[in-house]
Amino acid sequence: MTMTKIDSAFVKAQNEKEAAFLQRDFDALGEKLSRDGIDIEALTKAASDFQIAVPSWGTGTGGTRFARFPGIGEPRNIFEKLEDCAVINELSGCTDSVSPHFPWDKVDDFTELKQRSDSYGLKWVSANSNTFQDQPGQVASFKYGSLSNTEKASRDAAIQHNIDCIQWGEQLGTKSLTIWVGDGSNHPGQQHFQRAFERYLDSAAEIYKALPADWEMHLEHKMFEPAFYSTIIQDWGSNILAAMQLGPKCKSLVDLGHHAPNTNIEMIVARLIQFKKLGGFHFNDSKYGDDDLDSGSIQPYRQFLIFNELVDAAYRKEPEFDPAYMLDQSHNVTDPIESLVNSAIEVQRSYIKALLVNREALYGYQDANDAMMASTELKKGFNTDVSPILAMARYRKGAAISPIPTYRASNYRKNVDKVRPRDPKATGSGII
């Protein structure tokens with residue numbers, strides 16, 4: 001059995017250097033929260049229970065349309081990606097699952113892969129299909145689309161690939177399929193909008209039929225790229241229409257970076273919850289039209305507002321509410337492990353802050369049309385530093401109080417580089 005590369009004894013030794021200071025900070029925050037009737041132990045348990053999936057492809061250095069600059073010790077296959085995912089979970093304590101992407105992560109023996117993930121204590125969630133690029137030996141091309149292609153052979157190839165993803169996912173224990181397509185057009189008149197959407201729906205219906213009884217299908221939308229004039233599933237409107245057309249097991253997936261700038265994503269989330277069509281999230285951040293920045297690095301308040309809607313739905317016991325959480329980022333200039341650890345904790349931070357909001361007080365301000373006090377109630381939760389709660393949750397689980405310094409002190413990246421020689425012809429394992 002392959003062992004993880006950061007010894008738990010090392011993490012414990014690093015933690016003991018900070019444990020006394022953490023306890024003081026934790027006690028001080030607990031005393032402050034108690035004045036508002038908030039139990040810090042309940043919040044710490046919530047932080048401990050919170051989990052978000054790591055994307056297998058996120059463990060490699062990403063890139064742009066121009067270039068990729070691979071780092072040292074990058075994982076060369078899914079087994080090495082799992083090693084890095086295990087380290088991320090050891091440090092953060094909140095990433096106990098991995099989302100695979102096929103065919104990148106396809107192996108000859110899925111039993112061996114499942115045994116390896118089990119040895120790390122990692123689960124598999126949401127298989128992702130890839131029909132936005134042609135694979136070696138592929139005859140029917142996706143250059144002009146996949147599920148919506150005018151050529152039946154290309155559509156059939158895309159349908160079969162998604163069905164294959166379901167079968168591979170079943171062997172790993174996943175319970176959902178995420179579909180994102182780059183289908184669309186780059187010139188006005190290039191594509192008949194309605195016919196293209198009809199072809200997509202017909203193709204997606206064939207995939208839907210292949211879903212196991214206990215699976216869901218999550219549709220992902222994106223405003224542009226690689227199609228820059230129109231995309232098949234360009235926004236949440238087309239997304240939910242497709243999901244409603246396909247059936248109850250089909251839901252919408254929200255990628256935070258796939259919207260136009262200044263889009264009110266939290267309201268979209270509320271709408272999807274209301275109509276029982278929220279499948280899950282790909283968490284990242286965006287400044288202009290990108291979707292690859294670390295979660296919470298640019299707009300942490302927006303991320304908090306999204307979790308405000310999620311916590312509200314849980315508080316109201318909204319039926320059929322069980323969204324899947326996953327990171328989806330490209331790490332161009334940072335160590336992918338550091339970015340994924342940091343992002344997971346930032347998403348967890350938004351969740352705990354949203355739990356601080358006094359729901360009944362907020363409802364009262366809303367009913368009274370008291371805009372100032374309603375906004376202030378939200379800001380009160382957002383402005384509270386919950387770092388001691390997150391750190392204590394990690395400490396009690398044996399994860400790192402200070403994940404990034406602990407990771408750097410371990411020299412994991414330099415050590416793993418010795419056993420992962422990079423192919424000079426390779427450009428890296430992340431998405432470009």
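Read the figures in this text as sums done on the coordinates, not as results from a lab. For clarity, every value in this text was computed on a predicted model and none was experimentally measured. Note: ideal-geometry Cβ built from the backbone for every residue, glycine included; neighbour counts use all protein chains shown.
Charge dipole of the chain (Cα centre as origin; +1 on each Lys and Arg Cβ, -1 on each Asp and Glu Cβ, all else neutral): 460 debye, rounded to the nearest 20.
Annotation: for a label point projected 7 angstrom from Cα along Cα→Cβ of Asn77, residues of segment 87-119 with backbone N closer than 15 Å are 104-117. Its Cα centre serving as origin, segment 285-406 has a Cβ charge dipole (Lys and Arg +1, Asp and Glu -1) of approximately 580 debye. Between Thr376 and Ala260, the contour length at 0.36 nm per residue exceeds the alpha carbon distance by 39.0 nm. Counting only DSSP beta bridges with both residues in the chain, the antiparallel share comes to about 15 percent.
Length gained on full extension, Glu225 to Thr111: 37.5 nm, using 0.36 nm per residue less the C-alpha separation. Per residue, the Cα convex hull of the chain amounts to 146 Å³. The GluC sites (Glu not before Pro) of segment 237-335 that meet both conditions, a loop assignment by DSSP and at most 16 other Cβ atoms within 10 Å of the site Cβ, are Glu320. I'd like the distance separating the alpha-carbon centroids of segment 1-57 and segment 263-308, in whole Å. Computed from Cα coordinates, the inter-centre distance equals 25 Å.
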